[in-house]
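Asks: Right, I'll just put the structure down here and ask away after.
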Amino acid sequence: MAVLLLMQNRGRVTAADLARELEVSVATARRDLEALSAAGVPVYPQPGRGGGWSLVGGARTDLSGLSATEARALFLLLGPATTDSGAARSALRKLVRALPQTFRADAEAAAGATMVDPTRWGDRERDRPALVDRLQDAVVARRRVRLTYGGRTGERTERLVDPWGLVDKDEVWYLVAGTDRGQRTFRVDRIVAAEATDGRFDRPNEFALDEAWRRVVGEVEAKRSTTSATVLIDTRFAPILRDHFGRHCHPDGRTDDGRARLRVSAPTALDIARTLAGWGFLVEVVDPDAVRAELAHIGAELTARHAVNMSVEVRKLRAVAAPEEENLMATFSQSDDLRNAEFRDVNLRGARFVECDLSGVVMRGVDIAGSDIDAPWLSEDGSVLRVNGVDVAPFVDTELNRRFPGRAERRAADPDGLRSAWAALERTWAATLDRAAAMPAGTVDVTVDGEWSFAQTLRHLVLATDMWLGRAIMELEQPFHPLGLMHTGNDAFDMSVFTTHTPTYAEVLEARADRVSMVRDVLARITPEDLAAARRNPHNPEHPQTVRSCLHVILEEEWEHHRFAVRDLDAIEVGPGA
């Protein structure tokens, strides 16, 4: 093309002229001229002094009609495309020199006027896949390619494809190709190997790469927006949230208090929650409950893993530095020793005591109206809880036995009693599972006051069975199901055996049913002698246990966590603020 433009603008050129202008050897320039003639381009040589090569009859190329404005527009477009390619830069220089003299200055300025940096702030630079050049050659040459493809799951397959075109979408390259199953799209970074074959193909006449890619984008984006949620946010931050969700965020008016209402979409409720979680209290999810449940779950996990101690001294410093945060609740944890502390005329309204040792605490002249005490071990070892001089522990135990038929059998001492106790427990849990299934979708993933959700409670009971039946009674070296859920901060066990992803509820139910059946099978064949056999405590091996006491622990865990689950289902049914 550069040779033709030069010949058109100058009328006659020599091989030496071309070599100098196009930065090639004289021999290369001569071969290019002869190749043009052999290809049917009307060029001819004129020997002798003043001779050279000319276009027959002043023939002209179609590019000769470029105006100054068109030339400038062309080089504004081509300039940024040559940034990372030495060959492209060289070709661009040659085209500039082939332009009419009056166009060259503007064309050169246009070519260097713009640079494209495709990497966002904070993003890493992406390397162009090594196979792109090879695939481009195959597209141009219309040669079939044998691909070894990794796929989304990493499983490798071999495919013979007709490479129709390549697309660079935000520095991620895709190959649009014809296969024996029709048009398919392949991510180039998942192509392990690509080998051009001797086979040729003809691209379909009706195929247009831009139109085909628009269809691909439409299909993919549709799959990326199968779940939607309505969120409220201060209008100042709405543009930032729209940037996070891109085309999957649509304005939906404003609320009475002036906040923007947006409709956002993603493949799953968890995907939406993960994007919104970093916004904290700045966003409010109106619906659906499934997204709210995922956000609550993420919040509970973050609190459990990252909660820090805030001593009284730190609390005072923060109050001085940020008076507006004075109402923040201080957090005391294991590093704060408050034994024998005295609180006088202190306002503890709304305070929460979680997994604390309050044994022996004395309260005098206190207002406990509306207080909610949950003490799973209240009825163990003759514990006493006096309210106004009355030991209420026996009353609490009797009332729980009334509410949950079968609970009173949890300390049965003989095989028949234990089998009856487990059968009663199974009936109780079956009814509760049916109740949860009848509640709105997503209920099993809702957390109340930062406690475990219904599904998480079932996962913990899987772990409790593995701990006290699998490890303690059956003495298995590795008894744990991957879906078991351990209390955070427990580093006495190998946590790598447990899954790090959130399983589906169906997977949780399957694991739970398996462990329930396991206990039933053990009880079916147990004997009095088996019950008396010595075992080691899985948490404290020095503490002696028997098979009977281990089964009692399993029953206690089951009944207490059932009580927690029913308590939270009641709260969910009543609704927030009730």
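Asks: First measure r as the distance between the Cβ atoms of Ala35 and Val140, then evaluate 1/(1 + (r/R0)^6) with R0 = 25 Å and state the FRET efficiency to the nearest 0.05.
Replies: 0.90
Asks: Given labels modelled 7 Å from the Cα in the Cβ direction, how far is it in nm from Asp202 to Cys356?
Replies: Inter-label distance under the simple model: 8.3 nm.
Asks: Given R₀ = 22 Å, FRET efficiency for Leu160-Asp189 by Cβ-Cβ distance, to 0.05?
Replies: On the way: r = 20 Å, r/R0 = 0.93.
Efficiency, from the Cβ-Cβ distance: 0.60.
Asks: Under a Cβ-only charge scheme (Lys and Arg +1, Asp and Glu -1), can you give me the dipole magnitude of the range 470-541 about the Cα centre, in debye to the nearest 20?
Replies: 180 debye
Asks: Go through 472-478, 344-350 and give me the packing order, highest mean Cβ count within 10 Å leading.
Replies: In decreasing order of mean packing, 472-478, 344-350 become 472-478, 344-350.
Asks: Give me, ordered by chain and number, the residues 5 or more places off Trp173 or on other chains with an amide H under 5 Å from its own placed amide H.
Replies: Long-range HN contacts for Trp173: Val188, Asp189.
Asks: Between Ala430 and Thr398, what's the calculated FRET efficiency when r is the beta-carbon distance and R0 is 30 Å? Round to 0.05.
Replies: Working: r = 25 Å, r/R0 = 0.82.
Efficiency for this residue pair is about 0.75.
Asks: May I pose another question? Treat every Asp and Glu Cβ in the range 405-531 as -1 and every Lys and Arg Cβ as +1, leave all other atoms uncharged, and give the resulting dipole magnitude about the Cα centre to the nearest 20 debye.
Replies: With Lys and Arg at +1 and Asp and Glu at -1, about 400 debye.
Asks: Count neighbours as other Cβ atoms within 10 Å of each site's Cβ, and list the trypsin sites (Lys or Arg not before Pro) in the range 177-235 that are DSSP loop with at most 11 such neighbours. All intermediate terms of the calculation are to be shown ahead of the outcome.
Replies: Details: sites: Arg181, Arg184, Arg187, Arg190, Arg200, Arg214, Arg215, Lys223, Arg224; in loops: Arg181, Arg224.
Taking the range 177-235 and a limit of 11 other Cβ atoms within 10 Å, the loop trypsin sites (Lys or Arg not before Pro) found are Arg181.
The numbers here are math on the coordinates, done by the rules we state, and not lab data. Because the structure is predicted, anything quoted here is derived from the model rather than measured. Because the Cβ atoms are built from the backbone with ideal geometry, glycine has one as well, and the counts that use them run over all protein chains shown.
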